[in-house]
Each structure stands twice: as structure tokens, then as C-alpha cells.
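Read through the structure below, which is laid out as C-alpha cells, and then see the notes.
Every number in this text was worked out from the coordinates using simple rules, so none of it is lab data. In this text the structure is predicted, and so the values were computed from the model without any measurement. With ideal geometry, Cβ positions are generated from the backbone for all residues, glycine too; neighbour counts draw on all protein chains shown.
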Amino acid sequence: MEKIRIGGVIVHKNLVRIQASANQGVDLATGLLTAFANKKINIQFIVHLLDASNRDQLILAIDQEDVQTAFKLVCELQREKIVTHFFIQQDCALVGIHGPDFRLRAGIAGLYLQTLRNHGIGVMAISTSISTCAVLISAKQTEAAFQAIGTVFDYPPIR
């Protein structure tokens, strides 16, 4: 099989995953993102959705160095009834592939996820844009994910 040409690979280690939920009608995303912005916590990865009961669900990843501040903020938001449940998982990594023109190339995200699965990489969350498909995985699987990508995709050397 000929490898599929992509623009490159993104790898960001030393991340912490935060997953939070809210009660129906509570704007978790605005509350949490504003609180993080006010404390200058940069969010590296974000997925937001409303579940079938119309409750906000949020998964995000931040740098390990911000975990203490983030934990305090989420606990404060829980006391304020903005967050109902949350958990934090350390030792995560973001691994993604990017363009060109993923929006015009059907099947790239599916192939990427199938490749990771075939190599035993557990995906915690997926985020896509018109040019990128990124996943959160255990940091221990970063090198294996990087090797898996190279079996299917062709990309310029990482500098």
C-alpha cells in the first residue's frame, strides 16, 4: 500500500486530561474556559458536547505544570454548581496529523484512528478541524503512536 502524504505530525507530551460535566442548562464550557483564561492556563486540546440529556460535557488537556491551579479552579466551579462531576488524568499526550486539505480528503480521520487501533493505541478523545485530526492518548504510548503513523502516512521530517 502506498503511504498517504500529509503535512506533518504533532506531538505534545506532559499533558493532563480533565473531563467535566454539568447539570442540564448550566453553561460549563463558558464557565470553565473563562476561569482557565483568567488564570492564564492554556488549553492544548478541547472537545465539547451536549449529551442526550442536554448537559454540557467537556474534555480538555492542559500542560502538567498547570494541574494544581486547574484542580483548584474545577473544585471551585464544583462548589458553585457549575461542574457536577470531573476527573483528572495525568501522563497524557496529544498526537495528531495535519493537512493539507483534510476537509477535501474523505477518510483521513478514520484511517488514522484505525491505524492507532491496529497498533494497540488507546484513544481517550478525538478532536478534528478542517486540517487536523488529534487524539489524546497515554503518554506511555506516544512513541508507539508515532511509529504507527509512519506505517500509513508519509510526512516531512519533524524538526
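Remarks
- Exceeding the 18 Å Cα-Cα cut-off - candidates Lys40/Lys81; Lys39/Lys72; Lys13/Lys140: Lys40/Lys81
- Ser131 versus Arg103: modelled label distance in nm, points set 7 Å from Cα along the beta carbon direction: 1.1
- Rounded to the nearest 500, the 222 nm mean residue ellipticity of the chain from helices alone is -9000 deg cm²/dmol, with -39,500 (n - 2.57) taken per DSSP H run of at least 4 residues.
- Using the Cβ-Cβ distance between Asp63 and Thr30 with R0 = 22 Å, the FRET efficiency computed as 1/(1 + (r/R0)^6) comes to roughly 0.50.
- Dipole of region 14-90, positive direction: furthest Cα of Asn54, Gln78, Ala35, with charges on the beta-carbon: Gln78
- Potential lengthening between Phe71 and Gln147 on full extension [0.36 nm per residue; Cα-Cα distance subtracted]: 24.0 nm
- Positive-end extreme of charge dipole, the chain - chosen from Ser129, Gln89, Leu116 (charges on Cβ): Leu116
- Each of Asn42 and Ile10 was given a label point 7 Å from its Cα along the Cα-to-Cβ line. The distance between the two points is 1.2 nm.
- Counting 0.36 nm for each residue step from Ser53 to Arg79 and taking away their Cα separation leaves a gain of 7.2 nm.
- Mean separation of Cα pairs under 8 Å and 6 or more residues apart, divided by the residue count, gives the chain a relative contact order of 33 percent.
- Lys, Arg +1 and Asp, Glu -1 on Cβ, resulting dipole of the chain about Cα centre, debye, nearest 20: 120
- The residue among Gly107, Ser138, Gln68 whose Cα reaches farthest toward the positive pole of the charge dipole of the chain, with charges on the beta-carbon of Lys, Arg, Asp and Glu, is Gly107.
- Degrees between helix 108-118 axis and first principal axis of the chain (Cα, 0 to 90, nearest 10): 90
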